[in-house]
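This report concerns only the one structure given below.
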C-alpha cells in the first residue's frame, strides 16, 4: 500500500510534456517554506495499492496522452518499494519517470530503504536535494533552489527540458480551484 497525498491525472507543470503527477504523503526533511507543508506529516491520507495507481496511470495514458509520470511529495524515497513497482510498469509501457527527492543522490544510492535502488533503476530523471529557501532562484525553472541537481539516467530528456519558464496549472474541480506547479515567488 502507498500513502498518497494527491494525484493529478494530467499536468504540464511537473516536468516536460503532459504528465501524471503523484504526490506521496510524508516527509522527514521539513524544508523551510516547503511548497507542500501539508504533505510533510507522516499520517494516513489515501491508502492505495500499486495496481490501483497503475490503473489510474493507464487510464490517463489513454485519455490524456501523457508521456510520463512525476513522483514527488512529501518524500517519495520513503515509499520507494511501492513506487519502484509503479516506475517499472511505466517504463514497460513507454512512459518516462521523473523523481523529486529532498535527499541528495549520494544519500539515496546508499540508502537501506527497501526498493530505493529499484526505483532509481526505473527513473529517467532525478531532481535531488532539500529545498533551501535562501537559495531560491526562479531562473532554474522546475528546480526550486540552486543546491538541487538534476541527474539524467537516460537520454530521454536534457537540461533544456527543465530550464523552461515556470508554469502553474489551475484546475476547477468540485467548486474548488486546484493549483500545482511552481509559481514565481513574490
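Using Cβ contacts closer than 10 Å as the measure, can you line up 13, 101 from fewest to most?
Ascending Cβ contact count within 10 Å gives the list 13, 101.
Which whole-number percentage describes the relative contact order of the range 49-126, with Cα contacts under 8 Å and a sequence gap of 6 or more?
About 35 percent, as a whole number.
How far is it, in nm, from the label point at residue 7 to the one at residue 47 when both lie 7 Å from their Cα along the line to the Cβ?
1.7 nm
I need the shape label for the range 50-143. Rule: rounded when a/c is under 1.5, else prolate if a/b > b/c, else oblate, with a, b, c from the alpha carbon gyration tensor.
The shape class here is oblate.
Which of rounded, prolate or oblate describes the chain when judged by the alpha-carbon gyration tensor and an a/c cut-off of 1.5?
In terms of gyration-tensor shape, rounded.
Using the number of other C-beta atoms within 10 angstrom as an exposure proxy, rank 103, 151 with the fewest first.
The most exposed by this proxy come first: 151, 103.
Which order do 1, 48, 39 fall in if you start with the one that has the fewest other Cβ atoms within 10 Å?
Ascending Cβ contact count within 10 Å gives the list 1, 48, 39.
Please give the FRET efficiency for residue 158 paired with residue 137, using the beta carbon to beta carbon distance and R0 = 25 Å, rounded to the nearest 0.05.
0.80
Taking Cα pairs under 8 Å and at least six residues apart, what relative contact order does the chain come out at, in percent?
Across the chain, relative contact order equals 20 percent.
Sum -39500 (n - 2.57) across every DSSP H segment of at least 4 residues in the chain, then divide by the residue count to get the 222 nm mean residue ellipticity, nearest 500.
Helices in the chain give a 222 nm mean residue ellipticity of -6000 deg cm²/dmol.
Coordinate-derived values only; no laboratory data. A quick note: this is a predicted structure, and the numbers were derived from the prediction, not measured. Positions of Cβ are backbone-derived with ideal geometry, glycine not excepted, and every protein chain shown enters the neighbour counts.
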